[in-house]
Amino acid sequence: MPTLPRSALLIAPLIGFTVLTYLVPFLGILRWSVTLPEPGLGQYQTALSDPLVLSVFLRTLRICAVVTLTAVSAAYMITLLWVRGSPAQRLAVELCILIPFWISVLTRAFGWLALLSNKGILNTWMQSLGILSEPLTMVRNEFGVVVGMVHFLIPFAAFPLASAMRAVDERALLAARGMGAGRARVFGQIFVPMTASGILGAALVVFVFALGFFVTPAILGGGRSVMAAELIYLRIFQSPDWGLGAAVSVILMLAVGAMLALLMRRVRPGRPQ
Amino acid sequence: MRKIKAAEIGAEAIGKSFGSFAALTDISLTIGRGEFVTLLGPSGSGKTTFLMILAGFEAATTGRLTLDGHDLTNTPAEARAFGMVFQGYALFPHMTVEQNIAFPLKVQGRTDSDIKRRVGEMVEMVGLGGHSHKRPSGLSGGQQQRVALARALVYDPPVLLLDEPFSALDKNLRGQMQDEVKRLHRELGTTFVFVTHDQSEALALSSRVAIFDKGTLQQIAPPKEVYERPANRFVAEFLGDINILNISDVSVTPDGAQASFEGQSLRIAGMPGTPSRVLAVRPEYMSLCLTRPDTGNAIAATLRDLTYLGAETQLSLASAGQVPLVLSVPTAALPTGLTIGASVWAAWPPDRGIFL
Ligand SMILES: Nc1ncnc2c1ncn2[C@@H]1O[C@H](COP(=O)(O)OP(=O)(O)OP(=O)(O)O)[C@@H](O)[C@H]1O
Ligand SMILES: [Mg+2]
């Protein structure tokens, strides 16, 4: 193992870059949040009592919870096929996970817009088939936001899940079957609990990412389902209320930091197999 | 102690191919109720494959399996519900010792009080009292092994399959676990099928030993018989050292057979196997003489090496025709004043030679 000063020297450029591009601006934000428009904690008080800001926080939490639940469950099924499926299934899953992974978040959001909007592909098609008489509103609301975010986040859940599933000892599953357990029981009582650490890791990763989502909610929410990141943007760039924007940023940052600390705690002692 | 209704398993002409590779060919055997059969053979001889077919985790390519005379060939593993102890234990890491052992009972839908009682009994039986709330990761190898055994035995399976269960244990623990398995078998009366590639383990534990080589069954017989009456040269050589003599002029006599080796006339009594040109003698049945003994068989030889092993001394000899011989002689019975290069006689009783 290299000694500390030496390794510190090697990663010094990275540290310098991070300090310059993240820490300095963040300290600026921190200053704004307690000095604008006047010194004090007034903006935090506003942020935590203003019904509008609170409703954005609540919506953010709600959307993140729904997205986490949906993305992790969907990713679990997909990863199951990826890790334990036939070679053809594996290839199909790899393509379905990796190709979207390479496409920019903006492109994907517009793609969903084209698919789900009132005059979009899905509505036109269902109307022409006579399944629907009125277009179904699937964007400019939370549904659209959730769909877009889930789609974006599935790959991030798939990777920790795959590593947990690959670590499962095949013989434990055989042993359970040998004791008379059927497929459902082997899956529910042996396989899923044995991948619990992966599920937790995936959930934390997805939740933390979801908290700071901006592009997807902005496009698919259409200004109606404003989430925390978009609120910050609006406060800083549209209504010149920098102090409040900064305070919301700091609160979001603290929330993400707390989640990450939890994640690190889970990951560091080594997964229990 | 509760007794289990043990089952009889039959295998008829079982074959298993992986692609074009034949892992098992034409295995036929019957394992009786309450028997303890060991599958013994070199690495890759098909022992695990055969066990997996018995358990139902692999399907045989050809042949038929029976349980108490009923066809079992297409019964899925979960319906057979044989107890199985895998190499490497295969415990459930997210469950405590107690929960691991309780799992098969839960599958059977037993009542909570019944489960609690049985698990308690089992934990005591394998000596894990005080560890029942630990997870497998908090147990030593031997303790994990016991959990695996308890988990496989707790639900009274008609057959218990064990695949090299002790291979990861040190010698002491191994001996301890062997005693334990032997005791459990005696007390429970379940049919045991035990895989090992340790020949002394096989001889020590089983009522019969099945010897596998390259996917074929070479012999299945009680330990004493496979050791003293091996069916062929592979079995003879696999179960410890043996001297192989290429004999000539073999003729059958009223009380056995007669043959000659390097000009010495040999007698074979008791007809062990059909007369052939190969005679085999275990090292411990050969004794060392300084002069030609009056009775029994003897070959003139030269002492090449002498290895002191405590209670026994191993002697390496070469016959006049340079055939290597190995003798295992009690150290106490060794003549004094032996030197390397000395001319000696290797002698054995006529009823200790085996035709191969
Ligand atoms: N799934 C498989 N696919 C292809 N070949 C296999 C498979 N399983 C086993 N074999 C082959 O079948 C042969 C027998 O394997 P098996 O595991 O039964 O041996 P074994 O007697 O248990 O050996 P060991 O003592 O090393 O455990 C080996 O040559 C092995 O390579
Ligand atoms: Mg094996």
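So in segment B:46-58, with the set limited to residues that are within 14 Å of chain A (Cβ to nearest Cβ) and not hydroxyl-bearing (Ser, Thr, Tyr), which one is farthest from ligand 1 (Cβ to nearest atom)?
My answer is B:Gly56.
Condition (residue is farther than 19 Å from A:Ala229 by Cα and open to solvent by less than 90 Å² (accessible area, probe 1.4 Å)) applied to segment A:19-26: is it met by at least one residue?
Looking for residues that are farther than 19 Å from A:Ala229 by Cα and open to solvent by less than 90 Å² (accessible area, probe 1.4 Å), one finds at least one in segment A:19-26, hence yes.
If A:Arg62 satisfies every condition in (1) among the charged types (D, E, K, R); (2) outside the structural domain of A:Ile251 (by TED's automatic domain parsing); (3) under 22 Å from the mean Cα position of the chain (by Cα) but one, which is the exception?
All conditions pass for A:Arg62, except number (2).
Taking into account only those residues within segment B:104-119 that are of a type in the set (Val, Ile, Thr) and surrounded by fewer than 22 Cβ atoms within 10 Å (Cβ to Cβ), which is nearest to the other protein chains (Cβ to nearest Cβ)?
Selected residue: B:Val107.
Looking only at segment A:106-133, which residues are hydrophobic (A, V, I, L, M, F, W, C) and not in a helix (DSSP H, G or I)?
A:Leu129, A:Ile131, A:Leu132
Between a residue in segment B:18-34 that is closer than 19 Å to B:Asp71 by Cβ and any residue that is surrounded by fewer than 15 Cβ atoms within 10 Å (Cβ to Cβ), which pairs come within a Cβ distance under 7 Å, given they are 6 or more apart or on different chains?
That search, which allows pairs on different chains as well, returns B:Asp26/B:Ala13; B:Ser28/B:Ala13.
Given segment B:5-103, what strands (runs of 3 or more DSSP E) lie entirely inside it while holding 3 or more residues that are open to solvent by 60 Å² or more (accessible area, probe 1.4 Å) and within 16 Å of ligand 2 (Cβ to nearest atom)?
Of the strands (runs of 3 or more DSSP E) lying wholly inside segment B:5-103, none has at least 3 residues that are open to solvent by 60 Å² or more (accessible area, probe 1.4 Å) and within 16 Å of ligand 2 (Cβ to nearest atom).
When you go through A:Met179, A:Met227 one by one, which is the residue that is among the hydrophobic types (A, V, I, L, M, F, W, C), surrounded by 19 or more Cβ atoms within 10 Å (Cβ to Cβ) and within 14 Å of chain B (Cβ to nearest Cβ)?
Unique residue meeting the criteria: A:Met179.
Yes or no, residue by residue, for (1) touching a residue at least 60 places away in the same chain (Cβ under 8 Å); (2) in the same structural domain as A:Tyr76 (by TED's automatic domain parsing); (3) closer than 30 Å to B:Gly83 by Cβ; (4) in a helix (DSSP H, G or I):
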| site | (1), (2), (3), (4) |
| --- | --- |
| A:Phe143 | no, yes, no, yes |
| A:Phe152 | yes, yes, no, yes |
| A:Val168 | no, yes, yes, no |
| A:Ala172 | no, yes, yes, yes |
| A:Phe191 | no, yes, yes, yes |
| A:Ile199 | yes, yes, no, yes |
| A:Val205 | no, yes, no, yes |
| A:Val226 | yes, yes, no, no |
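Answer with yes or no whether A:Ala210 is open to solvent by 20 Å² or more (accessible area, probe 1.4 Å) and either more than 7 Å from chain B (Cβ to nearest Cβ) or touching a strand residue (DSSP E or B) at 6+ places or on another chain (Cβ under 7 Å) (or both).
No; evaluated as a whole, the condition is false for this residue.
Any residue in segment A:84-99 that is under 19 Å from A:Val205 (Cα atoms) and of a type in the set (Ser, Thr, Tyr)?
Within segment A:84-99, none of the residues are under 19 Å from A:Val205 (Cα atoms) and of a type in the set (Ser, Thr, Tyr).
Go over the candidates B:Ser137, B:Ser132, B:Ser113, B:Ser167 one by one and state the one that is of a type in the set (Gly, Ala, Ser), in the same structural domain as B:Arg33 (by TED's automatic domain parsing) and within 16 Å of ligand 2 (Cβ to nearest atom).
Just a single option satisfies the conditions, and that option is B:Ser167.
I need the full set of residues from segment B:76-90 which are among the hydrophobic types (A, V, I, L, M, F, W, C) and more than 7 Å from chain A (Cβ to nearest Cβ), in order please.
Once the filter is applied, which keeps residues that are among the hydrophobic types (A, V, I, L, M, F, W, C) and more than 7 Å from chain A (Cβ to nearest Cβ), segment B:76-90 yields B:Ala79, B:Val85.
Just to check your reading of the model, which residue among B:Ser43, B:Ser28 is more than 14 Å from chain A (Cβ to nearest Cβ) and closer than 29 Å to B:Gln144 by Cα?
Of B:Ser43, B:Ser28, the one residue that is more than 14 Å from chain A (Cβ to nearest Cβ) and closer than 29 Å to B:Gln144 by Cα is B:Ser43.
Do any residues in segment B:40-69 that are over 28 Å from B:Ala204 (Cβ atoms) and in contact (Cβ under 8 Å) with a residue 40 or more places away in the chain have Cβ atoms under 7 Å from those of residues that are within 8 Å of ligand 1 (Cβ to nearest atom) and in a helix (DSSP H, G or I), where the two are at least six apart or on different chains, and which pairs are they?
Pairs found: B:Glu58/B:Thr49; B:Glu58/B:Met52.
Of all residues in segment B:254-270 being in a loop (DSSP other than H, G, I, E, B) and at positive phi, which is surrounded by the most Cβ atoms within 10 Å (Cβ to Cβ)?
Only one residue tops the list, namely B:Glu262.
Mind checking whether some residue in segment A:233-244 is open to solvent by less than 20 Å² (accessible area, probe 1.4 Å), over 20 Å from the mean Cα position of the chain (by Cα) and not acidic (Asp, Glu)?
So far as segment A:233-244 goes, yes, one or more of its residues are open to solvent by less than 20 Å² (accessible area, probe 1.4 Å), over 20 Å from the mean Cα position of the chain (by Cα) and not acidic (Asp, Glu).
Tally the residues that are open to solvent by 10 Å² or more (accessible area, probe 1.4 Å) and part of a loop (DSSP other than H, G, I, E, B), restricting the search to segment B:271-310.
Of the residues in segment B:271-310, 15 are open to solvent by 10 Å² or more (accessible area, probe 1.4 Å) and part of a loop (DSSP other than H, G, I, E, B).
The values are calculated or read from the model by the stated rules, or taken from the named source; none is laboratory data. All figures in this text were calculated on a predicted structure; none of them were measured in a lab. Every residue, glycine among them, receives a Cβ derived from its backbone with ideal geometry; neighbour counts consider all protein chains shown. The area values use the complete protein model at the heavy-atom level, side chains included, leaving out ligands, DNA and RNA. Shrake-Rupley method; radii C 1.70, N 1.55, O 1.52, S 1.80 Å.
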